[in-house]
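Enquirer: First the structure, then my questions, so here it is.
The values are calculated or read from the model by the stated rules, or taken from the named source; none is laboratory data. Here the structure is a predicted model, which means the values were calculated and not measured. No Cβ is skipped: glycine too gets one built from the backbone with ideal geometry, and neighbour counts run over all protein chains shown. The area values use the complete protein model at the heavy-atom level, side chains included, leaving out ligands, DNA and RNA. Shrake-Rupley method; radii C 1.70, N 1.55, O 1.52, S 1.80 Å.
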Amino acid sequence: PSWSWIDPDWRGLLPLDNFHVSRSLARRIRAAPYDIKINSCFAQVMLACAEPAPDRPKTWINPAIVDAYVGLHAIGHAHSVESWRNGELVGGLYGVSLGGAFFGESMFSRANDASKIALVYLVARLRAGGFQLLDTQFVTSHLNQFGAYELARPDYHRSLAQAIRHNGDFYRLPVGAGPTAILQLVTQTS
């Protein structure tokens, strides 16, 4: 198959330094409604993201895309953050890491705030690992609540070039970091 990179005039990003967590979401995170795991079922997360929804009968995630991303996961460049409840996967997200850039690809939720909480844990992991850029491709109303913004193509290209030269470490988050530590890491300013 042939692949192409979408390069819009304006690129959606989430701030790693000024990521916004609402008070209600922070309370929910402190209550620890989900067990958060990384990379425990990458392909399953992708397939959940590809499932039809009432507002989206089809997605861009087809079998060839799944195979390509599973291959990237196998060599350490694609990751999932997962929300689990009672042994069941109820939400999560996946994306690709290159240097100090992370490209969020898709997320899903089958339970209240499951994907939002996974996103907060992702941001904590990226901050701890020294990442510089969290690409969301486009800004949506869902991402606006976290402080999403757009960057013009030339500015995005400069930011991306700088970020991929940097070494981000997806696994640097301290072992056993609980909800309070995650929230502190996400909301502290640099």
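Enquirer: Search the range 149-190 for residues being without any contact (Cβ under 8 Å) to a residue 24 or more places away in the chain and farther than 24 Å from residue 26 by Cβ, and hand back the single one that is least open to solvent (accessible area, probe 1.4 Å).
Expert: 161
Results for (1) closer than 30 Å to residue 157 by Cα; (2) loosely packed, with under 13 Cβ neighbours inside 10 Å; (3) at pLDDT 90 or above, shown as yes or no for each residue.
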residue: 7; (1), (2), (3): yes, yes, no
residue: 14; (1), (2), (3): yes, no, yes
residue: 21; (1), (2), (3): yes, no, yes
residue: 33; (1), (2), (3): no, no, yes
residue: 36; (1), (2), (3): no, no, yes
residue: 61; (1), (2), (3): yes, no, no
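Enquirer: I'd like to know if the range 89-103 contains one or more residues that are touching a helix residue (DSSP H, G or I) at 6+ places or on another chain (Cβ under 9 Å), among the small types (Gly, Ala, Ser) and in a helix (DSSP H, G or I).
Expert: For the range 89-103, residues touching a helix residue (DSSP H, G or I) at 6+ places or on another chain (Cβ under 9 Å), among the small types (Gly, Ala, Ser) and in a helix (DSSP H, G or I): absent.
Enquirer: Still on this structure: Going by the conditions given, is residue 143 under 28 Å from residue 6 (Cβ atoms), part of a helix (DSSP H, G or I) and hydrophobic (A, V, I, L, M, F, W, C)?
Expert: So residue 143 fits the description; yes.
Enquirer: Using the structure shown, decide if residue 73 is open to solvent by less than 20 Å² (accessible area, probe 1.4 Å), closer than 20 Å to residue 172 by Cα and not in a loop (DSSP other than H, G, I, E, B).
Expert: No.
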